[in-house]
Amino acid sequence: MIRKKFLLPVVLTLFGLYSCSREVPPPEPLAPVPAPRQLAWQHMEFYAFVHFSINTFTDKEWGYGDESPSLFNPTDLDCRQWVQVFKEAGMKGVILTAKHHDGFCLWPSKYTEHSVKNSPWKDGKGDVVKELSEACREAGLKFGVYLSPWDRNSALYGTPEYITYYRNQLRELLTNYGPVFEVWFDGANGGTGYYGGAREERKIDRRTYYDWPNTRKIVRELQPDAVMFSDAGPDVRWVGNERGIAGETNWSMINKDDFAPGIADTKILNHGLEDGKDWVPAECDVSIRPGWFYHKSQDDQVKSVNQLVDIYLKSQGRNGSFLLNVPPDRTGRIHEKDAERLKEFRKALDEIFAVNLAAGKNVSADTWRGKSDQYAPKNLTDGKEETYWCTDDGVKQGVLTLDLEKRRDVNLFLVQEYIPLGQRVKSFKVEALVDGSWQEVARGTTIGYKRILHFPTIRTDKLRLTIEDARACPILNNVEVYHAPERYFVLDNPKH
Ligand code: FUL
């Protein structure tokens with residue numbers, strides 16, 4: 001016979017053991033959710049854009065399409081050097097302007113004379129797309145292509161035949177150069193041009209002319225793992241500006257059919273839509289120099305390390321990816337100033353994220369799903385992507401307290417949602433315990449794949465993250481805390 005006073009502890013212990021071990025079903029996905037190719041893309045985080053073409057030799061940003069292919073003559077083209085610079089910077093891929101608006105092709109396309117095959121470079125036997133895709137493969141970087149829908153050289157532009165021409169080129173790029181991780185469809189299209197000598201203005205209907213649904217099918221068929229970028233996705237969207245800056249609120253959702261390449265509301269692109277029906281996360285594109293193409297006159301205007309850190313925090317740190325353009329010069333190499341700046345930038349990132357003060361530290365929570373171990377707050381600091389903290393269905397708030405064990409200086413807070421189940425958090429705040437009272441150090445709206453908040457250095461041994469509101473039960477899989485050198489956050493011109 002068990003004495004009454006022992007009964008309660010026994011029952012409580014058994015219940016505790018039961019709730020820790022019991023299988024509690026995970027939350028249902030909250031639509032829309034990312035496709036596997038979009039999830040893989042999200043992990044790219046930081047990758048290079050390369051604008052290189054006839055414009056590099058004519059000192060232009062937009063060629064008219066009447067330039068002679070003989071102008072393309074890099075003296076020392078070295079794609080391995082580009083890739084080495086990008087790899088050392090921590091970039092995970094490269095997207096090349098295989099054809100920009102002037103129609104000049106960096107590969108010997110069968111369908112036009114306006115290409116490298118009629119240039120003096122390598123006696124017309126060269127192929128930049130081949131050299132770069134091979135260099136990427138050798139170095140373990142992913143490779144992507146930009147094929148401008150607008151073609152100011154082609155006599156066919158504006159007619160239905162051009163669509164066949166465009167698709168043939170797309171097929172060449174997606175068949176002959178190995179795996180492609182991203183296909184970039186630019187929004188600038190239709191206007192004045194050479195057009196095979198016509199020298200006139202040609203207008204097209206941006207929504208219907210390219211028959212996008214069928215053009216996109218070619219990509220799906222030939223490179224099913226590739227994401228397609230444009231103002232309207234369908235997989236990745238433009239962030240709405242060319243400064244690389246995502247909205248402070250940045251949902252990964254929009255209604256993609258409201259837009260077409262070249263037709264979009266930049267405010268919606270910048271912020272996304274909380275109730276958007278399609279998962280189309282933002283890519284933040286920006287050039288390391290004022291222009292997209294190399295211009296000698298801009299050698300002194302390569303962005304500073306602190307400007308790049310600022311963009312990093314406002315792109316990757318706001319649920320976007322960071323696509324940084326680094327244009328090769330006329331020799332066909334990345335200019336030493338840009339290469340040097342990227343090295344310094346890498347060093348800065350390594351110093352900023354040198355020691356994660358939250359790694360392995362204890363986290364407590366006021367609530368977690370079914371009080372099951374599976375969803376316990378310790379999942380936030382275990383360094384594993386697949387484990388997460390989440391609440392019971394219908395519970396849209398939660399308070400998480402991170403114990404740093406001793407007093408530390410901190411100024412950077414990183415938090416991630418487990419996006420395979422959708423983007424949920426609408427509002428949150430971060431507080432630090434100082435002399436026995438909680439002080440708010442940062443607050444935000446959306447989190448998404450990754451949110452990074454910088455705040456004035458504060459000395460504390462406990463941080464508290466409060467999820468104030470969410471679309472459904474919040475699901476977080478990672479929290480990191482740093483004390484980054486303050487000098488990287490000082491900007492001479494915060495507007496750059
Ligand atoms: C724009 C183009 O018009 C620019 O030349 C550049 O390629 C940029 C990335 O996209 O729409």
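The values are calculated or read from the model by the stated rules, or taken from the named source; none is laboratory data. For clarity, every value in this text was computed on a predicted model and none was experimentally measured. Every residue, glycine among them, receives a Cβ derived from its backbone with ideal geometry; neighbour counts consider all protein chains shown.
Picking from Val363, Val410, Val415, which residue would you name as being aliphatic (A, V, I, L, M), buried (at least 19 other Cβ atoms within 10 Å of the Cβ) and touching a His at 6+ places or on another chain (Cβ under 6 Å)?
On the way: Val363 fails: touching a His at 6+ places or on another chain (Cβ under 6 Å); Val415 fails: touching a His at 6+ places or on another chain (Cβ under 6 Å).
From the options Val363, Val410, Val415, the qualifying one is Val410.
Look at Gly197 and say whether it is over 14 Å from the mean Cα position of the chain (by Cα), assigned by TED's automatic domain parsing to the domain that holds Phe104 and within 16 Å of the ligand (Cβ to nearest atom). Can you show your working first?
Values: over 14 Å from the mean Cα position of the chain (by Cα): yes; assigned by TED's automatic domain parsing to the domain that holds Phe104: yes; within 16 Å of the ligand (Cβ to nearest atom): no.
Spelling it out, it is not the case that Gly197 is over 14 Å from the mean Cα position of the chain (by Cα), assigned by TED's automatic domain parsing to the domain that holds Phe104 and within 16 Å of the ligand (Cβ to nearest atom).
Take the residues in region 309-349 that are of a type in the set (Val, Ile, Thr) and touching a helix residue (DSSP H, G or I) at 6+ places or on another chain (Cβ under 6 Å); name whichever of them is nearest to Gln416 (Cα to Cα).
From region 309-349, those of a type in the set (Val, Ile, Thr) are 309, 311, 326, 331, 334; that's our starting set.
Checking which are touching a helix residue (DSSP H, G or I) at 6+ places or on another chain (Cβ under 6 Å) leaves us with 309, 326, 334.
On the way: Val309: 19, Val326: 29, Ile334: 34 Å.
Taking the candidates together, the pick is Val309.
If you check Gly240 against the conditions, is it assigned to a loop (DSSP other than H, G, I, E, B), in contact with a strand residue (DSSP E or B) (Cβ under 7 Å, 6 or more places away or on another chain) and surrounded by fewer than 22 Cβ atoms within 10 Å (Cβ to Cβ)?
Taking the combined requirement at face value, the residue does not satisfy it.
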How many residues does region 109-133 contain that are within 23 Å of Asn189 (Cα to Cα) and either without any contact (Cβ under 8 Å) to a residue 24 or more places away in the chain or hydroxyl-bearing (Ser, Thr, Tyr) (or both)?
4
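This table checks each residue for (1) touching a residue at least 40 places away in the same chain (Cβ under 8 Å); (2) crowded, with 22+ Cβ neighbours inside 10 Å.
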position	(1), (2)
Phe52	yes, yes
Asn55	yes, yes
Trp62	yes, no
Ser68	no, no
Leu71	yes, no
Gln81	yes, no
Lys87	yes, no
Met91	yes, yes
Val94	yes, yes
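Tell me whether region 131-143 contains one or more residues that are assigned to a helix (DSSP H, G or I), under 13 Å from Ala98 (Cβ atoms) and aliphatic (A, V, I, L, M).
Kept after step one, since they are assigned to a helix (DSSP H, G or I), are these residues of region 131-143: 131-139.
So of that shortlist, the ones also under 13 Å from Ala98 (Cβ atoms) come out as 131-133.
Imposing the further condition that a residue be aliphatic (A, V, I, L, M) reduces the set to 132.
So far as region 131-143 goes, yes, one or more of its residues are assigned to a helix (DSSP H, G or I), under 13 Å from Ala98 (Cβ atoms) and aliphatic (A, V, I, L, M).
Take the conditions at pLDDT below 95, of a type in the set (A, V, I, L, M) and not assigned by TED's automatic domain parsing to the domain that holds Val83 and apply them to Leu12. Does it pass?
On the way: at pLDDT below 95: yes; of a type in the set (A, V, I, L, M): yes; not assigned by TED's automatic domain parsing to the domain that holds Val83: yes.
Considered against the rule, which asks whether it is at pLDDT below 95, of a type in the set (A, V, I, L, M) and not assigned by TED's automatic domain parsing to the domain that holds Val83, Leu12 comes out as yes.
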Could you identify the single residue in Glu431, Glu405, Glu385 that is closer than 25 Å to Glu486 by Cβ and surrounded by fewer than 17 Cβ atoms within 10 Å (Cβ to Cβ)?
Glu405
Region 243-264, subset surrounded by fewer than 17 Cβ atoms within 10 Å (Cβ to Cβ) and within 16 Å of the ligand (Cβ to nearest atom), residue nearest to Lys303 (Cα to Cα)
Arg243
Is it the case that region 239-254 has a residue that's under 20 Å from the mean Cα position of the chain (by Cα), over 22 Å from Trp292 (Cβ atoms) and of a type in the set (Val, Ile, Thr)?
yes
